[in-house]
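All remarks here apply to the structure that follows.
The values are calculated or read from the model by the stated rules, or taken from the named source; none is laboratory data. Predicted model, so just to flag it, every value in this text is computed and none were measured. Ideal geometry is used to build each Cβ from the backbone, glycine not excepted, and the neighbour counts take in all protein chains shown.
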Amino acid sequence: MNVPDNLFYTEEHEWVLIEGNTATVGITDFAQDQLDELVYVEVDTVGETLERNEVFGTVEAVKTTSDLFMPVAGKVTEFNSALDESDGDNPTLVNEDPYGKGWIVKIELTDPDDREGLLDAAAYGELIS
């Protein structure tokens, strides 16, 4: 499984890239592999400020539907339009490129220094092995 060193991870298999006051969030390579082919990604929390671990959306695969949890507290500012049913509608980008074109949301962080509870690549690698 691909576990990039420059990201932080959650035990629920979300990844987060923190750049200043902004974070980009998606699901991990492990998560997309376990879910199999995604058929729908829904995020209707754009504009909302959510706490860590609150549900910000869902992913639907052929097998199941799973909630997406906020890895950090903040305001959801953007949903990846390439995944959006009303725009690009290509949820399989998450399967094809989970750490790149398959990102799900961008967040304006409540506290850019709050990384409590997030796993580094080594710890996440241990979790999924």
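See the values below:
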| item | result |
| --- | --- |
| Meets criteria (surrounded by 19 or more Cβ atoms within 10 Å (Cβ to Cβ), among the basic types (Lys, Arg) and within 29 Å of Ser129 (Cα to Cα)) for Lys63 | no |
| Residue list for the stretch 10-23, restricted to those being surrounded by fewer than 19 Cβ atoms within 10 Å (Cβ to Cβ) and farther than 12 Å from Ile104 by Cβ | Glu11, Glu12, Glu19, Gly20, Asn21, Thr22 |
| Of all residues in the stretch 108-127 being surrounded by fewer than 19 Cβ atoms within 10 Å (Cβ to Cβ) and in contact with a Ser or Thr (Cβ under 8 Å, 6 or more places away or on another chain), the one that is nearest to Thr28 (Cα to Cα) | Gly117 |
| Selection count, the stretch 1-43, where residues are over 14 Å from the mean Cα position of the chain (by Cα), of a type in the set (D, E, K, R) and more than 19 Å from Glu96 (Cβ to Cβ) | 2 |
| Single unsatisfied condition, Met1 versus (1) under 16 Å from Tyr124 (Cα atoms); (2) in contact with a strand residue (DSSP E or B) (Cβ under 9 Å, 6 or more places away or on another chain); (3) surrounded by fewer than 15 Cβ atoms within 10 Å (Cβ to Cβ); (4) among the hydrophobic types (A, V, I, L, M, F, W, C) | (2) |
| Output for the stretch 6-36, where each listed residue is at pLDDT 95 or above, within 12 Å of Val94 (Cα to Cα) and in a loop (DSSP other than H, G, I, E, B) | Thr28 |
| Close pairs from the stretch 94-120: first modelled with pLDDT of 95 or more, partner surrounded by 14 or more Cβ atoms within 10 Å (Cβ to Cβ) and charged (D, E, K, R), Cβ under 6 Å, at least 6 apart | Pro98/Asp29; Lys106/Glu78; Glu108/Lys75 |
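Results for (1) buried (at least 18 other Cβ atoms within 10 Å of the Cβ); (2) of a type outside the set (Gly, Ala, Ser), shown as yes or no for each residue.
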site	(1), (2)
Val25	yes, yes
Thr28	yes, yes
Ala31	yes, no
Asp44	no, yes
Thr49	no, yes
Leu68	yes, yes
Pro91	yes, yes
Lys106	yes, yes
